[in-house]
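Okay, structure first, notes after.
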Amino acid sequence: MISRTGLLAILVVVLVTIVAPVAAHATTSPAPSPTLSPSPSPSPSAALPRPTKSKPLRIWFGGDSLAGAPGIAFVSLARVTRVMRARSEYRVSSRIVESHNYDWPARMRQVMRSQRPRAVVFMMGGNEGGYSVVVNGKYLDFWRSGWRTFYRSRVRLMLNIMLKGGAQRVYWVGMPMMGPQAYSGANAQMRRINTIVRQELKRHPRARYIDAWSILTRRGAYVSSWRAGDGVHLSPSGGRRLASAVLKAVRKDWLPAK
């Protein structure tokens with residue numbers, strides 16, 4: 001179903017599959033955690049320790065399959081700095097609106113405990129669009145009020161796991177514009193997902209939004225050379241372009257000009 005052109009050049013032993021809409025499908029999800037702390041109001045954040053060769057900045061880059069190409073490119077770019085050490089991973093067809101296919105909250109807790117990253121880059125949202133869920137026996141149709149409230153709580157949950165788990169900065173990468181080959185209504189759905197993520201990140205002074213939509217378009221238009229043949233995933237050059245933008249944001253926080 002997905003074109004493998006371009007992606008196989010850098011993904012070597014892993015297979016990226018197309019992000020597909022699941023508009024008519026619903027799954028049972030747990031209710032939002034009752035222990036979830038409210039997001040703090042923005043406030044000035046403390047100065048970050050400058051990474052060095054002896055104490056490099058640990059960075060984790062992960063997400064759904066759209067994070068594959070930029071994640072691998074980012075690991076290479078971070079290595080060149082000689083003061084950053086990055087790891088990347090992704091899970092195809094995964095989402096945070098439910099944990100049936102893959103439990104991202106559980107995985108994120110493991111990452112924070114075992115890898116102890118001080119910076120987290122998270123790219124998620126390609127599989128959320130059109131996906132309805134059942135929470136406590138109640139059907140939540142995509143983008144209706146109940147769904148938006150629940151999805152917002154899931155974004156907040158992920159942020160809390162990362163930040164309370166030890167991350168001093170979170171860089172959440174938004175969804176890019178989808179190409180004409182993608183499923184019908186994809187761009188409208190991605191814009192909606194991005195809106196919620198942006199709103200939640202504004203509540204966290206240690207979180208940054210990376211606008212992949214603008215990074216991967218030229219004068220507002222879709223650029224096919226930066227994308228895989230499916231119109232969804234990124235080509236090697238698109239992955240490097242997005243990874244470079246993420247690294248620029250990381251450097252701004254951790255390696256400011258003296």
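Values quoted throughout were computed directly from the atomic coordinates according to the rules given, and no laboratory measurement underlies them. The structure presented is a predicted model; accordingly, all values stated were derived computationally and were not measured. A quick note on method: Cβ atoms are made from the backbone with ideal geometry, for glycine too, and the neighbour counts reach across all protein chains shown.
Amide H contacts for residue 173 (H built 1.01 Å from N in the peptide plane; partners 5 or more residues away or on another chain; cut-off under 5 Å): 122, 123, 124, 210. By other beta-carbon atoms within 10 Å, ranking 89, 98 with the fewest at the front produces 89, 98.
Backbone amide hydrogens, once placed in the peptide plane, bring residue 88 within less than 5 Å of 61, excluding anything fewer than 5 places away on its chain. Relative protection proxy for 245-257, 154-166, from highest mean packing down: 154-166, 245-257 (other beta-carbon atoms within 10 angstrom). Karplus-based coupling profile of segment 126-132, in residue order and whole Hz: x, 10, 7, x, x, 9, 8, with θ = phi - 60° in 6.51 cos²θ - 1.76 cosθ + 1.60 and x standing for Gly or Pro.
A convex hull fitted around the alpha carbon atoms of segment 53-254 yields 114 Å³ per residue. Partners of residue 55 within straight-line reach, counting lysines whose Cα lies under 21 Å from its Cα and excluding those fewer than 8 residues away in the same chain: 248, 252, 258. In order along segment 62-72, the phi-based Karplus estimate (6.51 cos²θ - 1.76 cosθ + 1.60, θ = phi - 60°) of 3J(HN,Hα) comes to x, x, 7, 5, 5, 7, x, 5, x, x, 5 Hz; Gly and Pro are listed as x. A simple rule links phi to the HN-Hα coupling: the Karplus curve 6.51 cos²θ - 1.76 cosθ + 1.60 with θ = phi - 60°, which for segment 137-153 gives x, 9, 7, 10, 6, 3, 6, 6, 3, x, 5, 4, 4, 5, 5, 4, 5 Hz, with x for Gly and Pro.
The P(r) of segment 71-146 has a tail past 17 Å containing 57 percent of all C-alpha pairs.
Note on residue 136 and residue 184: the model spin-label points, each 7 Å out from Cα along the C-beta direction, lie 3.5 nm apart. Amide H contacts of residue 135: 29, 140, each under 5 Å away and 5 or more positions distant or on a separate chain (H built 1.01 Å from N in the peptide plane; Pro and chain starts excluded).
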